[in-house]
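The values are calculated or read from the model by the stated rules, or taken from the named source; none is laboratory data. Since the model is a prediction, treat every value here as computed from it, not as a measurement. In this analysis, Cβ positions are derived from the backbone assuming ideal geometry, glycine residues included, and neighbour counts consider all displayed protein chains.
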Amino acid sequence: MTRTIPIALTIVVALSACGSSADTSASAEPTPTPTTASTNAPATTEASPTGETAPEVPQTLDFTARTIDGDTFTGASLAGKPTVFWFWAAWCPTCRGSAEAVAAVQQDNADRVNVVGVAGLGSGDDAMLRFAQDTGIQGFPQLADDAGEVWQRFEVVSQQYYVLLDSAGKVVHKGSFSDSDLRERVAELT
C-alpha cells in the first residue's frame with residue numbers, strides 16, 4: 001500500500017500541469033490521513049527547558065519528517081507562528097523559477113513567519129540537494145518527502161503548491177500562487 005501512494009501521486013502530477021494558477025483557498029483544517037498515526041493525537045503543550053510553556057502543537061503540525069540533509073524535522077517546532085509550506089519537485093521548472101521569490105519571502109519575514117519547503121514526487125535525494133544548492137533555498141528547512149507523507153497530510157497532489165497556516169495551525173490558504181500573490185497572502189498572515 002505504501003508503495004502505491006507515491007506512484008499514484010506521481011501519476012496524478014504527471015497528468016496535471018506543472019504549477020497551475022488555480023487558487024483553492026481553504027478555511028478548514030485538512031482532514032488527517034489514515035497513513036499517519038500521529039495525526040489523530042490531540043494538541044499538546046510542552047514546557048521548555050527554562051520552565052516556560054511552549055505553544056500548543058496543533059494537529060496539523062504533529063508530524064516528523066526528514067530534511068534533504070538527512071536531519072530530523074518536527075512540525076511541532078513551527079507551533080505558535082504562521083507557516084508557509086512550499087511543495088516542490090526537483091524536476092519542476094515552475095518550482096525552479098519561483099525558488100528565488102520563496103527564499104525572498106522567507107528572508108523578509110523570518111522573524112514573523114516560518115517557511116518550509118517540502119520536496120518530493122520522485123525527486124530523489126541527490127536532485128533535491130542540487131536543487132536547493134542551485135536555487136539558494138538552503139536558508140530555511142527543506143523536507144525530503146518522496147514518500148509523500150507530508151504531501152498527503154496537507155492533501156497536496158501537485159508541485160509548486162502552497163499551504164499557509166495561521167499561528168494556531170489552521171489552514172487559511174491553499175493553492176498555486178504567483179510570486180506576488182504569495183507575498184500578499186503572507187502579509188495577511190502577520
- Scan the stretch 114-153 for residues that are among the polar types (S, T, N, Q), within 22 Å of residue 186 (Cα to Cα) and either part of a strand (DSSP E or B) or modelled with pLDDT under 95 (or both) and report the count. 3
- Looking at this structure, is residue 111 part of a loop (DSSP other than H, G, I, E, B), in contact (Cβ under 8 Å) with a residue 24 or more places away in the chain and either touching a strand residue (DSSP E or B) at 6+ places or on another chain (Cβ under 8 Å) or of a type in the set (Asp, Glu) (or both)? no
- Note on the structure: By residue number, the members of the stretch 94-108 that are touching a residue at least 24 places away in the same chain (Cβ under 8 Å) and either part of a loop (DSSP other than H, G, I, E, B) or out of contact with any Lys or Arg (no Cβ under 9 Å at 6 or more places or on another chain) (or both) are 94, 95, 96, 98, 99, 100, 102, 103, 106, 107
- Residue count, the stretch 168-190 (criterion: of a type in the set (Asp, Glu) and under 22 Å from residue 79 (Cβ atoms)): 1
- Task: Kindly check whether there is at least one residue in the stretch 149-170 that is surrounded by fewer than 19 Cβ atoms within 10 Å (Cβ to Cβ), among the hydrophobic types (A, V, I, L, M, F, W, C) and under 14 Å from the mean Cα position of the chain (by Cα).
- Result: yes
